[in-house]
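Undergrad: I have a structure here, written as structure tokens, and I will follow up with some questions on it.
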Amino acid sequence: TQIGSGLMGVLYILDEPSIGLHQRDNNKLIDTLARLRNLGNTVIVVEHDIDTMKAADFLVDLGPAAGIKGGHLVVAGTPEEVAQCKESITGQFLNVTRQIPLPAKRLPGNGNKITIQGASENNLKNIDVSIPLGTFTCITGVSGSGKSTLVNRILNRAICQKLGLKTERPGKHKDIVGLEHIDKMIVIDQSPIGRTPRSNPATYTGMFDTIRQIFAMTNDAKMRGYAPGRFSFNVKGGRCEECKGDGIQKIEMQFLPDIYVPCEQCHGKRYNRETLNVRFKGQTIAEVLDMTVNQASEIFDNIPKVKSKLDTLKAVGLGYIRLGQPATTLSGGEAQRVKLATELARKPIGHTLYILDEPTTGLHLADIEQLLNVLQALRDHGNTILVIEHNLDVIKVADHIIDLGPEGGNLGGTIVAQGAPEEVAATPESYTGQYLKPLLKQK
């Protein structure tokens, strides 16, 4: 629409326009943005896609890391200039000194499989799809080819129905064979880990229960007769009653959005003075909640129950987030990795099917690298990872690919190619295969 309008001198701002696009469609998007610029406009794009960066005239790279370690200008210049900056993580991926490696070997699975027979919901053309268990499997295809219909509308709902969970009716299919081989299913998305500021990484992972018990076992707490409940900001006793343990107070504005200010009584610490007199290794409960995962890891180094959960958060690249950081302030990618870390910390019980729908949305290549390490670790525990994905760096490390298409809408809904990435890349009809082929030749 904008190109057709022929406007000049317009500033266009796009926030991650490549989200949800197949590489073929992404290239069309890049061409469109270049044409907008050529008309005499300015195009500003917030983006993680490497091809979009290479096509840009000028890059502004912020960092060097995330959270409290970010917020600085690392480098600004042409893609070539950014690629030469050693301090820039983005630059390292641009000059290919750092890249997501191909796996040493692809796993064949445990011999069992789930087969969806006669899938015909929406544009699916009565197809039979088999997912090998014990593998990292990617469902690929251009936008609108039927990926979400197959996984979310049919498989996900059918498994929920089998497990007796409340769900909508599964999409049209004849049968699903092999569900007896999985014990549970977990869908990991980028939705928030909690809807209120009371939820945080410490409460979601379960480590806060242990931390409260540790504080209750200190001499200070025993002398005062404090139980673990004293260190909860959700119940009366230890919390600040002025703000009910929120640490903030809401001021209602009649014709404007409500504003939040720190509590005047506790100054945002959530607890009353008596509770804050109890210390563990010199730290109050409020100070512990204000620590980053990396800092807390040193304090709780000798407490395995807490340390193991902190280690998994570090493993997924979240060492910079604070234990008590409100869930509402975490990005979608951060919330997703908190969920993955929680799963990784659990003791393996039975066979779990993990379903992720475009988990790389909003993630930098360095974050994708850490995400893949976690997903592969979950698979190595004997589980199955099923991912709907467009990102070629994820697709290239998969054990098995099911490529739907060839186009979107009525021209999609069939299996174009399936098998290892090398097999899909050898299929001329597969758009995914065409773009995947060069990546499989990397050294």
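Read the figures in this text as sums done on the coordinates, not as results from a lab. As the structure is a computational prediction, the values presented were derived from the model and not from experiment. All Cβ positions, even for glycine, are placed from backbone atoms using ideal geometry, and neighbour counts span all protein chains on display.
Undergrad: Within segment 293-314, work out how many residues are surrounded by fewer than 19 Cβ atoms within 10 Å (Cβ to Cβ) and either under 16 Å from Y204 (Cβ atoms) or under 25 Å from the mean Cα position of the chain (by Cα) (or both).
TA: The total comes to 8.
Undergrad: Residues being within 18 Å of G111 (Cα to Cα) and in contact with a strand residue (DSSP E or B) (Cβ under 9 Å, 6 or more places away or on another chain): count how many of those fall in segment 379-421.
TA: Looking only at that region, the number is 15.
Undergrad: What pairs can you find where one residue is in segment 294-319 and at positive phi, the other is among the acidic types (D, E), and their Cβ atoms are less than 8 Å apart, with a gap of 6+ or different chains?
TA: G317/D367
Undergrad: Same structure, new question: Return the residue satisfying two criteria in turn: it lies in segment 208-238 and is among the aliphatic types (A, V, I, L, M) and in contact (Cβ under 8 Å) with a residue 24 or more places away in the chain, and of such residues it is nearest to S308 (Cα to Cα).
TA: First, the residues of segment 208-238 that are among the aliphatic types (A, V, I, L, M): 211, 214, 216-217, 221, 223, 227, 235.
Filter once more, keeping what is in contact (Cβ under 8 Å) with a residue 24 or more places away in the chain: 211, 214, 221.
Details: I211: 13, I214: 15, A221: 25 Å.
Ranking the qualifying residues of segment 208-238, first place goes to I211.
Undergrad: What are the pairs, 6+ residues apart or on separate chains, where a residue within segment 58-86 that is within 22 Å of D290 (Cα to Cα) has its Cβ under 7 Å from a residue that is part of a loop (DSSP other than H, G, I, E, B) and of a type in the set (A, V, I, L, M, F, W, C)?
TA: The qualifying pairs are G67/I321.
Undergrad: Does L7 qualify as being part of a helix (DSSP H, G or I), among the hydrophobic types (A, V, I, L, M, F, W, C) and over 19 Å from H364 (Cα atoms)?
TA: No; evaluated as a whole, the condition is false for this residue.
Undergrad: Run down I193, I214 and say which single residue is surrounded by 15 or more Cβ atoms within 10 Å (Cβ to Cβ) and more than 21 Å from the chain's Cα centre (by Cα).
TA: Sole residue among the options that is surrounded by 15 or more Cβ atoms within 10 Å (Cβ to Cβ) and more than 21 Å from the chain's Cα centre (by Cα): I214.
Undergrad: Let me ask another. Whether any residue in segment 264-281 is surrounded by fewer than 17 Cβ atoms within 10 Å (Cβ to Cβ), among the charged types (D, E, K, R) and in contact (Cβ under 8 Å) with a residue 60 or more places away in the chain is what I want to check.
TA: Checked against the condition, which is being surrounded by fewer than 17 Cβ atoms within 10 Å (Cβ to Cβ), among the charged types (D, E, K, R) and in contact (Cβ under 8 Å) with a residue 60 or more places away in the chain, segment 264-281 yields at least one hit.
Undergrad: Residue by residue through segment 62-88, note down the ones that are crowded, with 18+ Cβ neighbours inside 10 Å and in contact with an Asp or Glu (Cβ under 9 Å, 6 or more places away or on another chain).
TA: Those that are crowded, with 18+ Cβ neighbours inside 10 Å and in contact with an Asp or Glu (Cβ under 9 Å, 6 or more places away or on another chain): G63, A66, V74, V75, P79, V82, C85, S88.
Undergrad: Filter segment 6-45 for residues that are hydroxyl-bearing (S, T, Y) and touching a Leu at 6+ places or on another chain (Cβ under 9 Å) and give the result.
TA: Y12, S18, T42
Undergrad: On to the next question. Determine the pairs where a residue that is within 12 Å of G409 (Cα to Cα) and touching a residue at least 12 places away in the same chain (Cβ under 8 Å), located within segment 133-154, has a partner that is of a type in the set (D, E) and surrounded by fewer than 24 Cβ atoms within 10 Å (Cβ to Cβ) with Cβ atoms under 8 Å apart, the partner being 6 or more residues away or on another chain.
TA: From residues that are within 12 Å of G409 (Cα to Cα) and touching a residue at least 12 places away in the same chain (Cβ under 8 Å), the pairs are V142/D25; V142/E407; S143/D25; G144/E407; S145/E407; T149/E121.
Undergrad: Report, ordered by the first and then the second residue, all pairs with beta carbons closer than 6 Å, sequence separation of six or more or different chains, a first member in segment 366-388 that is under 12 Å from L133 (Cα atoms) and without any contact (Cβ under 8 Å) to a residue 24 or more places away in the chain, and a second member that is of a type in the set (A, V, I, L, M) and part of a helix (DSSP H, G or I).
TA: none
Undergrad: Going through segment 223-256 one residue at a time, which ones are among the polar types (S, T, N, Q) and closer than 22 Å to P326 by Cβ?
TA: Hits for segment 223-256 are S232, N234, Q249.
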